1. Of all strands (runs of 3 or more DSSP E) completely enclosed by the range 318-419, which ones contain at least 1 residues that are touching a helix residue (DSSP H, G or I) at 6+ places or on another chain (Cβ under 6 Å) and among the hydrophobic types (A, V, I, L, M, F, W, C)?
2. Kindly list the number of the only condition in (1) modelled with pLDDT under 95; (2) open to solvent by 20 Å² or more (accessible area, probe 1.4 Å); (3) in contact with a Pro (Cβ under 6 Å, 6 or more places away or on another chain); (4) over 30 Å from VAL76 (Cβ atoms) that fails for PRO410.
3. Hey, among the residues in the range 285-313 that are assigned to a loop (DSSP other than H, G, I, E, B), open to solvent by 20 Å² or more (accessible area, probe 1.4 Å) and in contact with a strand residue (DSSP E or B) (Cβ under 7 Å, 6 or more places away or on another chain), which one's farthest from PRO161 (Cα to Cα)?
4. When you go through (1) open to solvent by 40 Å² or more (accessible area, probe 1.4 Å); (2) touching an Asp or Glu at 6+ places or on another chain (Cβ under 9 Å); (3) of a type in the set (A, V, I, L, M) one by one for LEU392, which number turns out not to apply?
5. Would you check which residues across the range 8-48 are acidic (Asp, Glu) and either touching a His at 6+ places or on another chain (Cβ under 6 Å) or under 18 Å from TYR137 (Cα atoms) (or both) and list them?
6. Would you list the strands (runs of 3 or more DSSP E) that sit entirely within the range 1-114 and hold 2 or more residues that are aliphatic (A, V, I, L, M)?
7. Being over 21 Å from PHE86 (Cβ atoms) and of a type in the set (A, V, I, L, M, F, W, C) is the filter here, so list the residues in the range 268-315 that pass it.
8. For PHE270, only one of the following conditions fails: (1) among the aromatic types (Phe, Trp, Tyr); (2) in a strand (DSSP E or B); (3) open to solvent by 30 Å² or more (accessible area, probe 1.4 Å). What is its number?
Amino acid sequence: MQEQHDVRHQILIVGAGAAGIATASSLLARDATLDIAIIDPADTHYYQPGWTLVGAGIFQPESTARSMESLIPKGVRWIKEAVAAFEPQHHRVLLQTGQILGYQQLIVCPGLKLDWAAIPGLQETLGKNGVTSNYRYDLAPYTWQLVQNLKQGRALFTQPPMPIKCAGAPQKAMYLSCDHWLKTGHLRQINTQFFNAGGVLFGVADYVPALMKYIERYAIDLQFNHKLIAVDGPRKVATFVSTDADGSSETVEQIFDMLHVAPPQTAPDFIRASPLADAAGWIDVDPATLQHRRFANIHGLGDATNTSNAKTAAAARKQAPVVANNVLRALGRLQQQAQYDGYGSCPLTVERGKIVLAEFTYGGKLAPSFPDWLVNGRKPTRLAWWLKERILPPLYWRGMLRGREWLARPKLDPLKAGK
């Protein structure tokens, strides 16, 4: 049994998802003598970007899951508990068991909360009555089952208000479903609709023309400013609130044969109730250094921060080396400060075998990793699909999570050099 009195670590990491493990590995790659502990109660670590392909019958779900124990870096203490609260003024974290952990430097990256309960009726019908979501490991195979079985009727795909993890995921599921129906000769008998709580198809305008070609190809009915507010599974009815440009709204019911839901998403409750949160409930960090705005020895990265980048694994891959560098700078072991430019990537799977590879930084500035003659991100390409299907999974498991910063070396700011 773990001791209940105050235990102190040099570096404490909250969350053993992509961001947490990658940061721990990047720290050890810079200094193997560091005393690091990771707090996370989960037994299993998931490669969540793979669930889009599970929902299209391309990946097996088991290929996206590994035991947490096998991924915690050697030399890092894994505390298999849940966090209850933070006491940043005392440099302490309280666990739900009552244990108190002290730290010199704290890294907070707990990921997002998928708020299924925010939509009445949704939880009760997930995984049956034609209601599914690629945002859950156990449901992505059901998505593929529904896609294969649907020969006619109405298929609805929803997107909640931003921010959400992988903003392109709701429409990725839709495109791959439509591609299957097209190739099996059933697309004309299926009415596909995309109910988006926002007002645009994708937040970076440069990629919209390529996506619109597929909207037209699949005859998808776009419904913007429609927020899912209730689901009646047995009746197969989804209820939306539709908002007009003048702010007026009305409630609309839609029947369905298949309903793919992207749930509302927030920071975890223990973050929103903590001194680390901003007014909206997100970890309040500087967007460039990822250092907390009020507590100098706290750093945040991943989906739960208030940075404006896309919440993707690609963003965490770029953020982890920045945080690793800046934590060591705070400990006096490095001189230069690293800067994160807001990079995020969203491989938009527009059909089986082709992807629109969206890559951008803060402000929607395009940030391609490859020259246009190799991979033009504004057009669907087979090479981008090959990257998504063949290269990115091993890059994740054997590169990012092990501290190998391929195409992710942080930018160092010479103006912030120490003396």
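1. Per the criteria, 337-339, 344-351, 354-360.
2. The single condition PRO410 does not satisfy is (4).
3. Selected residue: ASN297.
4. (2)
5. Result: ASP35, ASP43.
6. 7-14, 36-39, 83-87, 92-95, 100-108
7. Result: ALA288, ALA310, ALA313, ALA314, ALA315.
8. (2)
The values are calculated or read from the model by the stated rules, or taken from the named source; none is laboratory data. Since we're looking at a predicted model, the values are computed, not measured. Glycine also receives a Cβ, built like all others from the backbone with ideal geometry; neighbour counts cover every protein chain displayed. The protein model used for the area step is the full one, side chains on, heavy atoms only, and it has no ligands, DNA or RNA in it. Shrake-Rupley method; radii C 1.70, N 1.55, O 1.52, S 1.80 Å.
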